[in-house]
Amino acid sequence: MRFVPCKSEQRRNFLPLYRISRRKLDMLDLIQTRRDLHQIPEIGLEEFKTQAYLLNVIEKLTAGKDFVQIRTWQTGILVYLQGSQPERTIGWRTDIDGLPILEQTGLSFASQHQGRMHACGHDFHMTIALGSLERALEKQPKNNLLFLFQPAEENEAGGMLMYEDGAFGDWLPDQFYALHVRPDLKVGQIATNTGTLFAGTCEVKIHFKGKGGHAAFPHETKDALVAASYFVTQVQSVVSRNVDPIEGAVVTFGVFQAGTTNNVIADTSFLHGTIRALTHSMSLLVQKRVKDIAEGVAAAFNMDVEIELKQGGYLPVENNPELARELMDFFDEKEGIELIDIEPAMTGEDFGYLLSKVPGVMFWLGIDSPYALHHPKMSPKEEALAIGVEAVSSFLAKKTSE
């Protein structure tokens, strides 16, 4: 094993490694590893303890394996297994960041970072990747195999950042695969399809800028609160009157801020929302209509408006049909797995950006939790860890032996 420097590498040597158990790591303890990671959730590009923990495990797993190389990129890690007779490179990606959520699970191994939580299952994703890496290291694969531990999936589209910064270099896979846990599927269920799995997302921020004043003299003001209210009601027509009913899109504003007290007319208002669509073209159409309506409302109320649309690397997750069919056939024949051909979901995932550059597939892994992703009580069943490792490692073994 050797480390290879990477463009924009920012390894912080002053940070102590977040150590795992001192026992000899003969076999990865999946449950303990997941619980360790669950306690140290960090926001994207700040995953310093997470990276240190992962590197410590990876170094132990790969000790003495001269066909392994490791690179880091900011808080991300790339582990490359050189094939014995390589014809292609197969990639497996896991995300490593947490969310700004106050955990309410009551677990004995709950987050030690106040206001941070692995509420999207990335602790599961990392553990399954480590378990699959351990399996892959049992013997040198025929084809090259890349494990990507990617930061900032939730907030900064880390996959796009790494790709655009040249982090992969000559390790860029020919095929890329990933999974995401899903609470409403049972343990043992795997679900995907041969088309679009996740929607593309676009973050929306809108500032209406009017003129404040006393509530008794509204004729001397330009009420930004009223303007924003009109916008919120009018923007509901975008999906109902601009989107083909056969297709899908969502426009949701979850934040509305305006005013300071009851008898003062607001001079500014702020709206923060999301646009989701199953195709990039539909996303662009919806973005245009949201922008048009905001500008039209501002003009009607004689005030200014600032609109920020941030799509970045959150493109639709579009599975490669041929590779998806191959993966589905593999899992359909695998004992202990129930394969589901599933409809697209309006959830977003920055793996869509990597799939726009490299053909591949993403699939859901059932974890049977009564609470949804991003819920402060979301707690997957740990039985899914071993199933995930067996599914992923056996599939990667097939792909790297062909």
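Quick notes on this one:
- Restricted to the stretch 40-88, and to residues there that are assigned to a loop (DSSP other than H, G, I, E, B), polar (S, T, N, Q) and open to solvent by 10 Å² or more (accessible area, probe 1.4 Å), the residue that is nearest to Gly166 (Cα to Cα) is Gln74.
- Index of the failed condition, Thr192 passing every other in (1) farther than 26 Å from Glu306 by Cα; (2) out of contact with any Phe, Trp or Tyr (no Cβ under 6 Å at 6 or more places or on another chain): (2)
- Residues in the stretch 107-116 that are in contact (Cβ under 8 Å) with a residue 24 or more places away in the chain and more than 17 Å from Ile31 (Cα to Cα) were compared, and the one that is least open to solvent (accessible area, probe 1.4 Å) is His113.
- Summed over the stretch 247-267, the residues that are under 13 Å from Lys205 (Cβ atoms) and either in contact (Cβ under 8 Å) with a residue 40 or more places away in the chain or buried (at least 17 other Cβ atoms within 10 Å of the Cβ) (or both) give a count of 1.
- Single condition Gly312 does not satisfy, out of (1) open to solvent by less than 60 Å² (accessible area, probe 1.4 Å); (2) modelled with pLDDT of 95 or more; (3) at positive phi: (2)
- Residues of the stretch 377-402 satisfying the condition of being open to solvent by 30 Å² or more (accessible area, probe 1.4 Å) and at pLDDT 95 or above: Lys377, Ser379, Lys381, Glu382, Glu383, Ala386, Ile387, Glu390, Ala397, Lys398, Ser401
- Of the residues making up the stretch 35-83, those that are more than 27 Å from Glu382 (Cα to Cα), out of contact with any Pro (no Cβ under 7 Å at 6 or more places or on another chain) and of a type outside the set (D, E, K, R) are Ala63, Gly64, Phe67, Val68, Gln69, Ile70, Thr72, Trp73, Tyr80, Gln82.
- Evaluating Gly166 against the criteria (1) surrounded by 16 or more Cβ atoms within 10 Å (Cβ to Cβ); (2) assigned to a loop (DSSP other than H, G, I, E, B); (3) modelled with pLDDT of 95 or more leaves one unmet condition, (1).
- Residue, nearest to Met303 (Cα to Cα), within the stretch 233-246, restricted to residues that are exposed (fewer than 15 other Cβ atoms within 10 Å of the Cβ) and β-branched (Val, Ile, Thr): Thr233
- With respect to the conditions (1) at pLDDT 95 or above; (2) touching an Asp or Glu at 6+ places or on another chain (Cβ under 8 Å); (3) not in a strand (DSSP E or B), Met27 lacks only one, and its number is (1).
- Residue within the stretch 348-357 that is over 29 Å from Asp165 (Cβ atoms), touching a strand residue (DSSP E or B) at 6+ places or on another chain (Cβ under 9 Å) and surrounded by 21 or more Cβ atoms within 10 Å (Cβ to Cβ) present: no
- Taken over the stretch 192-229, the residue count meeting the criterion of being open to solvent by 10 Å² or more (accessible area, probe 1.4 Å) and small (Gly, Ala, Ser) is 7.
- First in the stretch 334-351 and touching a residue at least 40 places away in the same chain (Cβ under 8 Å), second anywhere and basic (Lys, Arg) and surrounded by fewer than 19 Cβ atoms within 10 Å (Cβ to Cβ), Cβ under 9 Å, 6 or more apart: Glu338/Lys186
- The helices (runs of 4 or more DSSP H) falling completely within the stretch 312-402 that include 1 or more residues that are among the acidic types (Asp, Glu) map to 321-332, 383-401.
- Asn319 satisfies every condition listed in (1) of a type in the set (S, T, N, Q); (2) within 18 Å of the chain's Cα centre (by Cα); (3) open to solvent by 60 Å² or more (accessible area, probe 1.4 Å) except (3).
- Answer from Ala191, Ala227, Ala178, Ala216 - the residue that is outside any loop (DSSP other than H, G, I, E, B) and over 24 Å from the mean Cα position of the chain (by Cα): Ala227
The values are calculated or read from the model by the stated rules, or taken from the named source; none is laboratory data. Just so it is clear, the model here is predicted, and its values are computed rather than measured. Quick reminder, even Gly has a Cβ in these numbers, built from the backbone with ideal geometry, and neighbours come from all protein chains shown. Each accessible area value is taken on the protein alone, full model and side chains, heavy atoms only, with ligands, DNA and RNA left out. Shrake-Rupley method; radii C 1.70, N 1.55, O 1.52, S 1.80 Å.
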